[in-house]
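Enquirer: Have a look at the structure that comes next, please.
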Amino acid sequence: MRKRALITGITGQDGSYLAEHLLDQGYEVVGMLRRSSTLNFERIDHIQDRLTLVSGDLLDEVSLIGLLKEHRPTEVYNLAAQSFVQTSWGQPVLTGETTALGVTRLLDAIRMVDPEIRFYQASSSEMFGKVHEVPQRETTPFYPRSPYGVAKVYGHWITVNYRESYGLHASSGMLFNHESPRRGLEFVTRKVTHAVARIASGIDDKLALGNLDAQRDWGYAADYVRAMWLMLQQDNADDYVVATGETHSVRELCEAAFGHAGLDWQEHVVVDERFLRPAEVDLLVGDPTKAREVLGWEREVDFAGLVAMMVDADRALLRERLR
Ligand code: NAP
Ligand code: GDD
């Protein structure tokens, strides 16, 4: 029988790469969209005719029950969330409703409609926050530093709890930052590569950023969605860190991205307090040993390759727009 997967967050960065991966594996892919006044299919335009797009919202349990009953997926990947850390201070309740309680709504819908469904929860390295150990692994205690991080800790533990309480095949991927040319413009990697393209073509001259000292373990999104899929192919559900094992500062990101376009970042980057956060996560670096040993997962793209790919893509996109 052909496997059928439901992806929440299909219009997001990871949703689009995961949909491509599952289609390549021969799955029927059902993507859940929330209602909006304009279509936002930018990332899934190229595969839209191969997807079944259905309407639903993590804020509305009835919509989740209805679409599970109607489409009968064998696997559910919960990628939908209010995912921008900075916004979570301005909208902490919405973030909690979506990123935390949304997970319970979906798990409960699965429990009621078909407890045989395999479930993936998009957990996050933000849960480690003010880190207790370096590098961070599956057993590292959590210390979230934002309403988003707190919501993800709830989502993580409710996934573990439904696995232990009801025997659901529910896994949680503790994914470190992963980026791509499809990354939202508000996240720092894309903000930088998009600015590099504009500065290199003479449209802008300055880029305002916040904390240049923050360090992140940045990988490539297309590599990371393979780990999500591998988790649901195991006999037993479990939790895994997915990371590169390398960390770089925002300053190093600027140096690499501007350097790739033959520019000196110090001539263009300015620090603007508006982009500083009330509480910061200073250093993230993950230990992906378990994912490598149990899932056989390996990343293919390194930091330099990722930055070069994103700068090249933003420059090509800008050339296209200016034509
Ligand atoms: P993203 O690009 O921001 O996509 C988020 C998706 O969630 C979008 O499709 C969005 O729909 C959808 N969404 C938001 N609120 C919703 C709601 N109430 N009901 C239904 N859908 C809703 O995020 P991403 O980078 O692909 O990340 C995917 C998941 O992994 C998220 O849960 C994120 O928190 C988590 N994560 C990401 C990273 C990373 O570095 N990328 C690392 C760890 C964990 P619209 O298009 O309509 O806004
Ligand atoms: N966004 C942004 N904009 N970040 C900046 C800026 C800026 O102008 N200047 C410095 N930074 C710093 C932030 O303070 C943070 O320390 C770091 O760059 C990365 O910020 P983001 O790219 O916004 O990502 P994030 O680490 O906060 O969150 C992302 O990764 C998490 C996994 O660790 C998101 O994708 C989350 O959804 C994800 O869970």
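Enquirer: Using alpha carbons only, how many degrees (0 to 90, rounded to 10) separate the axis of helix 303-322 from the longest principal axis of the chain?
Expert: Computed tilt is about 80 degrees.
Enquirer: Using the beta-carbon distance between ARG198 and GLN91 and R0 = 25 Å, what value does 1/(1 + (r/R0)^6) give for FRET efficiency, to the nearest 0.05? Please list the in-between numbers first.
Expert: Details: r = 28 Å, r/R0 = 1.14.
About 0.30, to the nearest 0.05.
Enquirer: Using protein chains only and a probe of 1.4 angstrom, how many square angstrom of THR11 are accessible, to the nearest 10?
Expert: We get 30 Å² for THR11.
Enquirer: Further question: Provide the per-residue ³J(HN,Hα) series for the range 286-297, in order, calculated from phi with Karplus coefficients 6.51, -1.76, 1.60 and θ = phi - 60°, each as a whole number of Hz, with x at glycine and proline positions.
Expert: Using θ = phi - 60°, the values come out as x, 10, x, 4, 5, 4, 5, 6, 8, 8, x, 7 Hz.
Enquirer: Sort out the exposed loop GluC sites (Glu not before Pro) in the chain (DSSP loop, at most 13 other Cβ within 10 Å) and tell me the longest stretch that has none. The partial results should precede the final answer.
Expert: Numbers: sites that count: GLU42, GLU116, GLU133, GLU186, GLU298, GLU300.
Between exposed loop sites, the widest span is 187-297.
Enquirer: Please give, to one decimal in nm, the separation of the simple spin-label points placed at SER165 and THR289, each 7 Å out from Cα toward the Cβ.
Expert: Going from the SER165 label point to the THR289 one covers 3.3 nm.
Enquirer: Roughly how many Å is it from the Cα centre of the range 233-272 to that of the range 27-105, as a whole number?
Expert: Computed from Cα coordinates, the inter-centre distance equals 27 Å.
Enquirer: Further question on the same structure: So if I place +1 on the C-beta of Lys and Arg and -1 on the C-beta of Asp and Glu, and nothing else carries charge, what would the dipole magnitude of the chain be about its Cα centre? I want it in debye, nearest 20. Can you show the working numbers first?
Expert: Working: 35 positive and 47 negative charges, 146 e Å.
With only Lys, Arg, Asp and Glu charged at Cβ, the dipole is about 700 debye.
Enquirer: Take every Cα-Cα distance within the range 164-227, group them into 5 Å bins from 0 onward, and report for each bin the whole-number percent of pairs it holds.
Expert: For the range 164-227, the binned pair fractions read 3, 13, 18, 19, 15, 11, 8, 6, 3, 2, 2, 1 percent.
Enquirer: Label PHE187 and ASP24 with points 7 Å out from Cα along Cα→Cβ: what is the distance between them in nm?
Expert: Result for the modelled spin labels: 1.8 nm.
Enquirer: Roughly how many Å² of MET228 are accessible to a 1.4 Å probe, to the nearest 10?
Expert: 0
Enquirer: Same structure again: Calculate for the chain the 222 nm mean residue ellipticity that helices alone would give, adding -39,500 (n - 2.57) per DSSP H run of length 4 or more and normalising by residue count, nearest 500 deg cm²/dmol.
Expert: Values: 10 runs with 121 residues, N = 323.
It lands at -11500 deg cm²/dmol.
Enquirer: Now a separate question. Hey, what D do you get for the range 223-277 in µm²/s if you plug the Kirkwood alpha-carbon radius into Stokes-Einstein at 20 °C and 1.002 mPa s? Before the final figure, lay out the partial values.
Expert: On the way: Rh = 14.9 Å.
Stokes-Einstein gives a translational diffusion coefficient of 144 µm²/s.
Enquirer: How far, in nm, would the chain grow between HIS132 and ASP114 when pulled straight, counting 0.36 nm per residue and subtracting the alpha carbon separation? Intermediate values should be presented prior to the final figure.
Expert: On the way: separation 18, 0.36 × 18 = 6.48 nm, distance 3.80 nm.
Result for the pair: 2.7 nm of gain on full extension.
Enquirer: What are the ³J(HN,Hα) couplings of the range 263-278, residue after residue, when phi is run through the Karplus curve with 6.51, -1.76, 1.60 and θ = phi - 60°? Round to Hz, x for glycine and proline.
Expert: 10, 9, 4, 5, 7, 10, 8, 10, 8, 10, 4, 4, 9, 7, 9, x
Enquirer: Mind listing the long-range amide H neighbours of SER172? Cut-off is under 5 Å, sequence gap 5 or more, other chains count too, H placed in the peptide plane at 1.01 Å from N.
Expert: GLN121, ASP238, ASP239, TYR240
Enquirer: Next question. How big is the range 200-243 by the Kirkwood estimate over distinct Cα pairs, in Å?
Expert: Working: mean 1/r = 0.0693 Å⁻¹.
Taking the inverse mean of 1/r over all distinct Cα pairs, the range 200-243 comes out at 14.4 Å.
Enquirer: Any chance you could list P(r) for the range 1-78, counting all Cα-Cα pairs in 5 angstrom bins from zero, rounded to whole %?
Expert: It works out to 3, 16, 31, 26, 17, 7, 1, 0, in whole percents.
Enquirer: Separate question: Roughly to the nearest percent, how much of the accessible area of the range 97-162 is carbon and sulfur, given a 1.4 Å probe?
Expert: Numbers: 1310 of 2420 Å².
That share works out to 54 percent.
Enquirer: When the Kirkwood radius is taken over all Cα pairs of the range 178-323, what Stokes-Einstein diffusion coefficient follows at 37 °C and 0.692 mPa s, in µm²/s? Mind showing how you got there, number by number?
Expert: On the way: Rh = 16.4 Å.
Translational diffusion coefficient: 200 µm²/s.
Enquirer: Separate question: Could you work out the Kirkwood radius for the chain, taking every pair of different alpha carbons, averaging 1/r and inverting it, reported in Å? Kindly include the intermediate steps, with their values, before the conclusion.
Expert: Numbers: mean 1/r = 0.0496 Å⁻¹.
For the chain, inverting the mean 1/r across all distinct Cα pairs yields 20.2 Å.
Enquirer: What number comes out for accessible area per residue over the chain if the probe is 1.4 Å? Units Å², please.
Expert: Values: 14320 Å² over 323 residues.
So the chain comes to 44 Å² accessible per residue, rounded to a whole number.
Enquirer: While we're looking at this one, here's another question. If I fit a long axis through the Cα atoms of helix 221-232 and take the longest principal axis of the Cα atoms of the chain, what angle between them do I get, 0 to 90°, rounded to 10?
Expert: 20
Enquirer: Then there is this: Expressed as a fraction of 2.2 N^0.38 Å, the rule-of-thumb size for a compact globular protein of N residues, what is the C-alpha radius of gyration of the range 86-162?
Expert: 1.17
The values are calculated or read from the model by the stated rules, or taken from the named source; none is laboratory data. For clarity, every value in this text was computed on a predicted model and none was experimentally measured. Ideal geometry is used to build each Cβ from the backbone, glycine not excepted, and the neighbour counts take in all protein chains shown. Only protein heavy atoms, including side chains, enter the accessible area calculation; ligands, DNA and RNA are left aside. Shrake-Rupley method; radii C 1.70, N 1.55, O 1.52, S 1.80 Å.
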